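In what follows, a single structure is set out as structure tokens and then discussed.
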Amino acid sequence: MSSTTASGSLAGRVALVTGAASGIGRAAALAYAAAGASVMVADVDVAGGDETVALIGEDGGQAAFLRTDVSQERDVAALVAETLARFGRLDCAFNNAGIEGRKTAYLDFPLDEFDRIFAINTRGVWICMQHEIPAMLRSGGGAIVNNASIAGLRGAADLPAYSASKHAVVGMTRSVAKNQARNNIRVNAVCPGIIDTPMMDRIVAEVFTREAATVMQPIGRMGAPAEVAAAVVWLSSDAASLVTGIAMPVDGGATG
Ligand code: NAI
């Protein structure tokens, strides 16, 4: 373990990240490890998950991977059980796994696609919280961060089901935060803007151009996954001890 790791804001803590094989989830897993946490990496993408674990190892951090589909309750139960078996506790969780879904004209939007988006983006976050909270209570509390989106704060015209699924994540975050406040479990959401990830590459290819995406953020550029990860680590740390139930835009001013 490097000296940075030993003295980080999450030294000795255990963090779990879903969707950690790519993009924002991978950046958050690396940032948690750099802050001193041991990290449980979860994703349906086995090769990408293994790569995230290897990257954390190269930096001198501790991590393990379990293939997990967040829409399957038995996978999530196994993930939390494996985290406790390997690392002994659960302090921080970043419920990040999500899909953008197919771009389809509003009136033709297929119900099965609506259900698939909600099964992962919304129900997946709910299942994760239900299994993470009892594990956190065993060690006296914890911090959960759910990944919503600026599409969870404003309507995204071309992604109606995605936008609805992310509004629901914000709603669950606010509700569970109030429910768990006396249990020393803080629950917050991040609402990233336009972040340069494989998902954004797919959205840009289907919905708008890269230039249009950049103009949507007053800062004049896309965000980097590490810039969202920094907010996630801060919300997970004791520095945010009075912060719960918020939906924090990380969007270069887009919703300001
Ligand atoms: P990404 O596509 O690069 O990564 C998403 C990861 O989630 C992938 O590794 C994928 O395999 C995994 N995943 C998908 N379905 C899963 C399932 N059922 N169970 C477990 N893992 C699953 O996407 P990105 O951009 O890193 O997105 C991460 C989160 O951030 C998503 O929830 C997305 O909606 C949200 N977000 C992204 C923004 C962006 O600009 N890239 C903006 C706002 C929110």
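Is the range 14-27 home to any residue that is more than 14 Å from the ligand (Cβ to nearest atom), crowded, with 24+ Cβ neighbours inside 10 Å and farther than 20 Å from ASN121 by Cβ? So far as the range 14-27 goes, yes, one or more of its residues are more than 14 Å from the ligand (Cβ to nearest atom), crowded, with 24+ Cβ neighbours inside 10 Å and farther than 20 Å from ASN121 by Cβ.
Keeping to the range 149-196, report how many residues are among the β-branched types (Val, Ile, Thr) and not in a helix (DSSP H, G or I). Spell out how you get there, then give the answer.
Narrowing the range 149-196 to residues among the β-branched types (Val, Ile, Thr): 150, 169-170, 173, 176, 185, 187, 190, 194-195.
Imposing the further condition that a residue be not in a helix (DSSP H, G or I) reduces the set to 185, 187, 190, 194-195.
Residues that pass the stated criteria total 5.
VAL70 meets each of the listed conditions (1) among the hydrophobic types (A, V, I, L, M, F, W, C); (2) within 10 Å of the ligand (Cβ to nearest atom); (3) assigned to a helix (DSSP H, G or I) apart from (3). In the range 170-184, the condition of being modelled with pLDDT of 95 or more, touching a Leu at 6+ places or on another chain (Cβ under 8 Å) and buried (at least 22 other Cβ atoms within 10 Å of the Cβ) is met by no residue.
For every residue, the table says whether it meets (1) without any contact (Cβ under 8 Å) to a residue 40 or more places away in the chain; (2) within 12 Å of the ligand (Cβ to nearest atom).
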| position | (1), (2) |
| --- | --- |
| PRO192 | no, yes |
| ASP196 | yes, yes |
| MET199 | no, yes |
| VAL204 | yes, yes |
| THR214 | yes, yes |
| PRO225 | no, yes |
| ALA230 | no, no |
| SER237 | no, no |
| LEU242 | yes, no |
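Take the conditions surrounded by fewer than 24 Cβ atoms within 10 Å (Cβ to Cβ) and among the aliphatic types (A, V, I, L, M) and apply them to LEU84. Does it pass? Criteria met by LEU84. Within the range 134-165, the set of residues being crowded, with 22+ Cβ neighbours inside 10 Å and more than 10 Å from the ligand (Cβ to nearest atom) comprises MET136, GLY142, ALA143, ILE144, VAL145, ALA161. Condition first: polar (S, T, N, Q) and either in a loop (DSSP other than H, G, I, E, B) or touching a Pro at 6+ places or on another chain (Cβ under 7 Å) (or both). Now tell me which residues in the range 74-122 satisfy that. Scanning the range 74-122 gives ASN96, THR104, THR122. Taking the stated definitions as given, is ASP91 touching a strand residue (DSSP E or B) at 6+ places or on another chain (Cβ under 7 Å), away from the ligand (no atom under 15 Å from the Cβ), at pLDDT 95 or above and not hydrophobic (A, V, I, L, M, F, W, C)? Yes: the conditions hold for ASP91.
The values are calculated or read from the model by the stated rules, or taken from the named source; none is laboratory data. Bear in mind the structure is a predicted one, so any value in this text is a computation, not a measurement. Every residue, glycine as well, gets a Cβ built from its backbone with ideal geometry; the counts of neighbours run over all protein chains shown.
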